[in-house]
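The values are calculated or read from the model by the stated rules, or taken from the named source; none is laboratory data. Computed from a prediction, not measured in an experiment: that's the story for all the values here. Cβ: placed from backbone, ideal geometry, glycine included. Neighbour counts: every protein chain shown.
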Amino acid sequence: MSGLDLLRRIRESDPGIPVIMLTAYGSIEGAVEAVKLGAFDYVKKPVDLEELKLLADRARENRLLRQELSYYRSRATRDVGFAGLVGASPAIRAVLERARQIAALDETPPVLITGETGTGKGLLARAIHASGLRAMKPFIEINCTALPATLMEAELFGYERGAFTDAKESKPGLVEAAEGGFLFLDEIGDVDVSVQGKLLRAIEERAVRRVGSVRERKIDLRIMAATNRDLEREVREERFRKDLYFRLAVIVLDVPPLRERGDDVLLLTEQLLKAFNAKYGKVVREISAPTRELLRSYPWPGNIRELSHVIERAVLWSRGSTLDVEHLSLTSPGSPPPPGPPSLPVPSHAGVGAADHGPTPGLPPQGIDLAQWEKSILEQALREAGGNQTKAAERLGISRDTLRYRLKKFGLRVG
Ligand SMILES: Nc1ncnc2c1ncn2[C@@H]1O[C@H](COP(=O)(O)OP(=O)(O)OP(=O)(O)O)[C@@H](O)[C@H]1O
Ligand SMILES: [Mg+2]
C-alpha cells in the first residue's frame, strides 16, 4: 500500500503511535495530507539519520507528554464532586449534606476536616472543590507533615531573591498559587508553631508577604485543613495555637470512621471488587454471608484505606467468583485471641478459623478497650514486620507517618 494508506491504517489501530513520514520526492501536498491525517512530521529523502533520530526522540517525548496529560485529565474527572464518595449510612450522609452546603457557597470561613486516618478526608476536600463555584480554579494541596518549619514557610508564602542563601530567584508561594481557588492544608496538626502564627495572619488579613519582602499581596482563596489528631488536646498541651484553632474550627466536618457506617462497608467492598477485578482481570462478584458478617464486625482501624488494601489483596489471590473469609486475612474482634500477650483480640495473621465455626460477629460480652486494642495491633504489626515500620504501616493500611504518630501516642518505641 502507499505510505498514506499505511498511515491511515496505523491511525485506526492505535492513534497514539507517532508516525514520521519519509517522502520520496518532497511532494508538499503529500506531506500536508500526511500531517492532516495525524502524522507527527515528515522528512524528505534522502534521509539524514541524525535528523531522523532527533525527530524520533521528539515524537517519543511528545507521546509521553500526551499520556501524562490524559492521565491527569482522567484523574481530575474521575472523582468529580461527591459522585466518587460511596456511602448511604446516616453517619456519612450527614457529613456529605453539610459538605454540599459548604461547596455551594463561594465565601466561607476555613473548613476543618477531622477524622481517623483513611476515612476519606482528602477525598472530601477534593469533592468540595470539584463541585463548587471554584471548581475551575486551583486546588493546591500541601502536606504539612512533610516539611520542616523554614521550608514550610518558604513553600507557603514564597520568597524574594536573596531572602536566604539558596534563593537565587524570587518565587511565589502556594498561597499565591491557590489564588481564586482552594488551599488544602493536609495534616495541619503537624505545622510548626512558628508557621502557625503566620498562617493565622494570612487568613485573617487575607494577605501574604513573601519571605524577605516588605510588600503585602492581597489574596482571595478558600482554606481547608485536615487532621487526624485531636486538635483540642493539642491546644491544651500547647502544641497548637489556640487562636489558629478557633479560626479553623468555625466549620468542622468530622468524617466518621468506617466501623460507624454500618453497611457502607459492603457498598465500598462491591465498588472495590469492581475496580480490582478490572485491574487484575479477575471475576470476584459474590460476597459470602460469613464474609459480609466479618466485614461488618471488623473495626477497621485503618478505615477505607485499609479496606481497599484488604480487598485488593483478596482479589489478587482469588481463584473463583466468591469472596470468602479466608481471602481477607482478618479476624473478627470477637474471635479468640492469639496465644500469648496481648490478651486482647487482635487480627491474626492466618485469618479467622471460619472453616470450623464461622466468624463470631460483634464484640465480646465484656466489651473491649479500643485504645488498648489499637495499641496491641500496632505492637503485633511491628513484631510481625520484624520492627520494620514501613512494612508494619503497609500491613495496617496506614502511612508510615501515621504509624509513627500513633506509636508516639501510645508511648511505644519510635525508632
Ligand atoms: N466514601 C468513600 N468512597 C470511596 N472511596 C473512599 C471513600 N472514602 C475514602 N475513600 C478512599 O479511601 C482512601 C483513603 O482516603 P483519603 O486519603 O481521603 O483518607 P484520609 O482521611 O485523607 O486519610 P489520612 O488521614 O491517612 O490522610 C482513598 O483511596 C479514597 O479514595
Ligand atoms: Mg489524607
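At pLDDT 90 or above, more than 16 Å from ligand 2 (Cβ to nearest atom), out of contact with any helix residue (DSSP H, G or I) (no Cβ under 9 Å at 6 or more places or on another chain) and more than 30 Å from residue 132 (Cα to Cα): does that describe residue 54? When the stated conditions are applied, residue 54 passes them.
Checked against the criteria, residue 193 counts as β-branched (Val, Ile, Thr) and more than 17 Å from residue 109 (Cα to Cα).
Which residues, taken from segment 146-162, are touching a helix residue (DSSP H, G or I) at 6+ places or on another chain (Cβ under 8 Å) and more than 16 Å from ligand 1 (Cβ to nearest atom)? Passing the criteria: 149, 152, 153, 155, 156, 157, 158. Could we say that residue 216 is outside the structural domain of residue 297 (by TED's automatic domain parsing), away from ligand 1 (no atom under 16 Å from the Cβ) and loosely packed, with under 14 Cβ neighbours inside 10 Å here? Taking the combined requirement at face value, the residue satisfies it.
Taking segment 31-42 as the range and being crowded, with 17+ Cβ neighbours inside 10 Å and more than 17 Å from residue 56 (Cβ to Cβ) as the test, only 31 passes. Would you point out the residue of segment 45-56, among those that are farther than 23 Å from residue 16 by Cα and touching a strand residue (DSSP E or B) at 6+ places or on another chain (Cβ under 8 Å), that is surrounded by the fewest Cβ atoms within 10 Å (Cβ to Cβ)? Only one residue fits best here, namely 45.
Here segment 219-241 is the region considered, the condition is being without any contact (Cβ under 8 Å) to a residue 40 or more places away in the chain and of a type in the set (Lys, Arg), and the residue that is nearest to ligand 1 (Cβ to nearest atom) is 233. In summary, residue 64 fulfils each of the numbered conditions (1) modelled with pLDDT under 90; (2) surrounded by 12 or more Cβ atoms within 10 Å (Cβ to Cβ); (3) of a type outside the set (Asp, Glu); (4) in a helix (DSSP H, G or I) with the single exception of condition (2).
Residues are listed down the side, and each one gets a yes or a no for (1) within 19 Å of the chain's Cα centre (by Cα); (2) in contact (Cβ under 8 Å) with a residue 40 or more places away in the chain:
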{"position": "127", "(1), (2)": "yes, yes"}
{"position": "149", "(1), (2)": "no, yes"}
{"position": "153", "(1), (2)": "no, yes"}
{"position": "157", "(1), (2)": "no, yes"}
{"position": "170", "(1), (2)": "no, yes"}
{"position": "173", "(1), (2)": "no, no"}
{"position": "176", "(1), (2)": "no, yes"}
{"position": "186", "(1), (2)": "yes, yes"}
{"position": "201", "(1), (2)": "no, no"}
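The set of residues in segment 263-279 that are at pLDDT below 95 and closer than 23 Å to residue 101 by Cβ is empty. Of the numbered criteria (1) within 23 Å of the chain's Cα centre (by Cα); (2) part of a helix (DSSP H, G or I); (3) away from ligand 2 (no atom under 16 Å from the Cβ), the one residue 246 fails is (1). Restricting attention to segment 107-127, the residues being more than 12 Å from ligand 1 (Cβ to nearest atom) and either farther than 23 Å from residue 199 by Cα or crowded, with 22+ Cβ neighbours inside 10 Å (or both) number 2. Among the residues in segment 241-248, are any over 28 Å from residue 106 (Cβ atoms), surrounded by fewer than 15 Cβ atoms within 10 Å (Cβ to Cβ) and at pLDDT 90 or above? Yes, segment 241-248 has at least one match.
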